[in-house]
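S.K.: Got a structure for you, written out below as structure tokens; questions coming shortly.
Bear in mind that the values in this text are calculations on the coordinates, not laboratory data. None of the values given here were measured: they were computed from a predicted structure. Reconstructed Cβ throughout: ideal geometry from the backbone, glycine too, with neighbour counts over all protein chains shown.
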Amino acid sequence: MPWTAPWPPCSTRAKLQKGSPVYGRDVAEIHDDLNSARGKDYRAETEYLTEVIRGRRPGADSLLDVGCGAGGHLVHFAEFVDRVEGVELSEDMLAAARAKLPDVPLHQGDMRSFDLGRRFDAIVCLFGAIGHTRDVGELRGTLGCFARHLADGGVVVVEPWWFLEKFIDGYVSDDVVRSGTRSIARMSHTVRSGDVSTMEVHFLVADARTGVRHFSETYEHKLFTRDQYESAFAEAGFDAEYVEGVQGGRGIFVGVAAKERS
């Protein structure tokens with residue numbers, strides 16, 4: 001069965017290093033509510049992605065969400081897929097996901113090097129999380145690790161970070177939303193230095209119980225070109241295509257692993 005088949009471990013094990021992206025407790029607490037209030041429809045996205053996966057692998061019944069965050073998508077994948085699991089680097093995000101999904105196996109791990117010892121029919125990596133890889137070598141290694149976790153003929157769906165050729169330097173975003181008894185303001189400024197984007201995000205949260213607090217986080221993403229992504233997918237053994245316009249405009253790469261691999 002794809003769920004339990006033995007397979008070789010990742011050949012290169014990356015260590016968690018200073019500067020790795022870690023989303024803290026304050027962000028984890030508001031993450032999914034904030035995005036939903038900003039218009040992100042987690043359920044509709046999940047339903048669409050499930051259709052994409054099953055269009056290439058009918059009957060897919062096991063799925064791994066890499067970079068699952070606070071579980072916003074995984075909650076709904078659990079409605080559509082029999083067996084789901086998640087991998088996330090941030091312990092605070094994992095805690096938020098575990099509160100929503102107490103019966104789902106959720107693992108702390110780095111997308112470059114995690115090793116669960118089993119394969120899945122499908123893997124998804126959303127929210128541009130793949131952009132946290134720091135160079136082409138790490139991108140290739142990450143996709144290779146995904147491939148080793150996929151059953152033969154399995155499907156991977158990756159939402160890339162913005163392509164280098166499409167990135168808008170100096171981009172400013174602002175939102176003020178209401179979620180339950182909280183009002184949340186989010187403001188961000190993103191700049192480019194070479195092929196790296198740096199996003200500074202400030203949050204102001206007014207809560208009926210705890211009052212007003214301010215916090216900020218800074219995220220770095222590698223700005224790969226579309227060609228670099230496509231080359232990395234091919235090197236990892238995927239027959240991949242790019243679907244434009246979905247997932248807030250970043251699109252998705254959909255790759256299928258070979259049906260017979262040595």
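S.K.: Under 13 Å from a label point 7 Å along Cα→Cβ of ALA258: give me every residue in region 220-236 with its amide N that close.
M.R.: Zone members listed by number: 234-236.
S.K.: Nearest 20 debye, what's the magnitude of the dipole of region 164-221 about its Cα centre given +1 on Lys and Arg Cβ and -1 on Asp and Glu Cβ?
M.R.: Dipole about the Cα centre, nearest 20: 420 debye.
S.K.: While we're on this one: Counting helices only, and only those DSSP H runs with n ≥ 4, report the 222 nm mean residue ellipticity of the chain as the sum of -39,500 (n - 2.57) divided by its residues, in deg cm²/dmol to the nearest 500.
M.R.: -8000 deg cm²/dmol
S.K.: What does the extension gain come out to for ASP227 and ASP41, with contour length at 0.36 nm per residue minus their alpha carbon separation?
M.R.: 64.0 nm
S.K.: Okay, next question. Using only Cα atoms, figure out Rg for region 127-212 and give it as a multiple of 2.2 N^0.38 Å.
M.R.: Cα Rg divided by the expected 2.2 N^0.38 Å: 1.51.
S.K.: Over the chain, what is the relative contact order in whole percent, taking alpha-carbon pairs under 8 Å and six or more residues apart?
M.R.: Result for the chain is 18 percent.
S.K.: Right, here's the next one. Using θ = phi - 60° and the Karplus relation 6.51 cos²θ - 1.76 cosθ + 1.60, list the HN-Hα couplings for region 115-132 in order, rounded to whole Hz, with x at every Gly or Pro.
M.R.: Using θ = phi - 60°, the values come out as 9, 8, x, 8, 10, 10, 6, 8, 10, 10, 9, 10, 6, x, 4, 4, x, 6 Hz.
S.K.: While we're on this one: Compare the Cα positions of HIS221, THR210, LEU64 along the charge dipole of the chain (+1 at Cβ of Lys, Arg; -1 at Cβ of Asp, Glu; about the Cα centre) and return the one farthest towards the positive end.
M.R.: About the Cα centre, the residue reaching furthest to the positive side is THR210.
S.K.: Quick check on packing: order 228-241, 179-192, 124-137 by the mean number of other C-beta atoms within 10 Å, highest mean leading.
M.R.: 124-137, 228-241, 179-192
S.K.: In nanometres, what is the gap between the two model label sites at VAL201 and ASP174, each 7 Å from Cα along Cα-to-Cβ?
M.R.: 1.8
S.K.: How big, on average over all directions, is the shadow cast by the Cα convex hull of the chain, in nm²?
M.R.: Taking the Cα atoms of the chain, their convex hull projects to 13.4 nm² on average.
S.K.: Further, regarding this structure: Only Lys, Arg, Asp and Glu count, each charged at its Cβ (+1, +1, -1, -1), so figure out the dipole size of region 35-83 about its Cα centre, rounded to 20 debye.
M.R.: 120
S.K.: Could you tell me which of MET187, SER197, PHE167 has its Cα farthest along the dipole of region 164-221 towards the positive end, charges placed at Cβ (Lys, Arg +1; Asp, Glu -1), taken about the Cα centre?
M.R.: It is MET187.
S.K.: Determine ³J(HN,Hα), in whole Hz, for all residues of region 220-234 in sequence, where each value follows from phi through the Karplus function 6.51 cos²θ - 1.76 cosθ + 1.60 and θ = phi - 60°; x replaces Gly and Pro.
M.R.: Going residue by residue, I get 10, 10, 7, 9, 7, 7, 4, 4, 5, 4, 4, 5, 5, 4, 4 Hz, with x marking Gly and Pro.
S.K.: Turning to a different aspect of this structure: Given a Förster radius of 45 Å and the C-beta distance between SER183 and ASP152 as r, what FRET efficiency does 1/(1 + (r/R0)^6) yield to the nearest 0.05?
M.R.: 0.35
S.K.: Using only Cα atoms, find the angle between the long axis of helix 42-56 and the longest principal axis of the chain, and express it within 0 to 90 degrees, rounded to the nearest 10.
M.R.: Computed tilt is about 10 degrees.
S.K.: Go through region 247-252 residue by residue and turn each phi into a ³J(HN,Hα) via Karplus (6.51, -1.76, 1.60, θ = phi - 60°); whole Hz please, and just put x for glycine and proline.
M.R.: 6, x, x, 7, x, 9
S.K.: Nothing charged except the Cβ atoms of Lys and Arg (+1) and of Asp and Glu (-1): what's the magnitude of the dipole of the chain about its Cα centre? Round to the nearest 20 debye.
M.R.: The calculation lands at about 380 debye.
S.K.: Another question, then. Considering every pair of different Cα atoms, what Kirkwood radius, in Å, is found for region 164-221?
M.R.: Kirkwood radius, region 164-221: 12.7 Å.
S.K.: Pairs on different chains or at least eight residues apart, Cα atoms closer than 21 Å: how many lysine pairs in the chain fit?
M.R.: 4
S.K.: Can you tell me the 0 to 90 degree angle between the C-alpha axis of helix 136-148 and the longest principal axis of the chain, rounded to 10?
M.R.: Roughly 60 degrees, rounded to the nearest 10.
S.K.: Using only the alpha carbons of region 19-113, determine the length spanned along each of the three principal axes and report them from longest to shortest in whole angstroms.
M.R.: Reported extents, whole Å, longest axis first: 38, 33, 25.
S.K.: Helix 25-37 against the longest principal axis of the chain: what's the angle in degrees, Cα atoms only, rounded to the nearest 10?
M.R.: Result, in degrees: 90.
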